[in-house]
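Heads up, the thing below is written out as structure tokens.
Nothing in this text is a laboratory measurement; each read-out follows from the coordinates by a stated rule. Quantities reported herein were computed from a predicted structural model and do not represent experimental measurements. Cβ atoms come from the backbone with ideal geometry, glycine included; neighbour counts cover every protein chain shown.
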Amino acid sequence: MAEPPEESTYRTRHHDGADPLAPPRRTRGIVLVGLAVLGLAGAIFIVRRPLMMSASACTAGRWHGCFDTENGVLLMTSAGLPLPALVACALTLRRRAAGVTSAWRMSLAEVGMIYGTVPFVWITLIPGPEAGLVPGRVNLIPLRDLVTMGPVGIGGNLLIFAALGFFAPLRFAATASVPRIMVLGAGCSALVETAQYVLRLDRVSSVDDVLVNAAGAVLAALASRHWWRPRASPPLVALQLCP
């Protein structure tokens, strides 16, 4: 005897509830870490010669010539990479012991956001030669300063909030969209530009810096979009149990 229609259909799922075509979480984590390491290694290789210009001051523990220069900050950031790696591992072990799911992903995202953003923000707040002596300068006309930045300036501005754009959607679901990352990057950049003006750091607070910083955050978010974009739910398949 045929069963009622409402009892003869059901949802077909994979036996463990997972999408059989989706890669394992561990594999995705390894790919994410590998891409980050390769990108950082490539960046260090490109700028290795300028970084070594501050090596003597940094190894001697001198503030001047190390932490008050762009090369010195980048050199110390590169040399200190084992520390955030250990912190990420410790956070992961603690979360796994507490039964937290996606412990590795959450820990890596938190450490990556902080360690990948703070050094670049520090560089933007390094005082110029006439800091405190000249009034703050502001440019609110878009694209005026962009043509004078040059490739190095544009690349540096793209990197300032790139780590934030890359890792924030992985850690906070509320930021997992391109418009929200754009607003986040622009807001953080506006705060930095305001600090440059208020503290009279002998720097130009420019709207172009905000635009390029936000663009860098968006590009980085698009690079990690595979890991944070919403997944489509599997289709419902109706099966007739009995003819």
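A few points about this structure:
- Assigned charges on the beta-carbon of Lys, Arg, Asp, Glu; the stretch 117-226 dipole about Cα centre (debye): 300 debye
- Phi angles of the stretch 167-175 translate, via the Karplus equation with coefficients 6.51, -1.76, 1.60 and θ = phi - 60°, into HN-Hα couplings of 9, 4, x, 6, 9, 10, 4, 5, 9 Hz per residue; Gly and Pro are given as x.
- Rounded to whole numbers, the Karplus 3J(HN,Hα) couplings from phi for the stretch 193-199 are 5, 5, 4, 4, 6, 5, 7 Hz, using 6.51 cos²θ - 1.76 cosθ + 1.60 with θ = phi - 60°, and x at Gly and Pro.
- Listed peptides 199-208, 52-61 appear in the order 199-208, 52-61 once ranked by packing, highest mean of other Cβ atoms within 10 Å at the front.
- Amide proton proximity set for Arg137, modelled H, under 5 Å, gap of 5+: Arg203, Ser205
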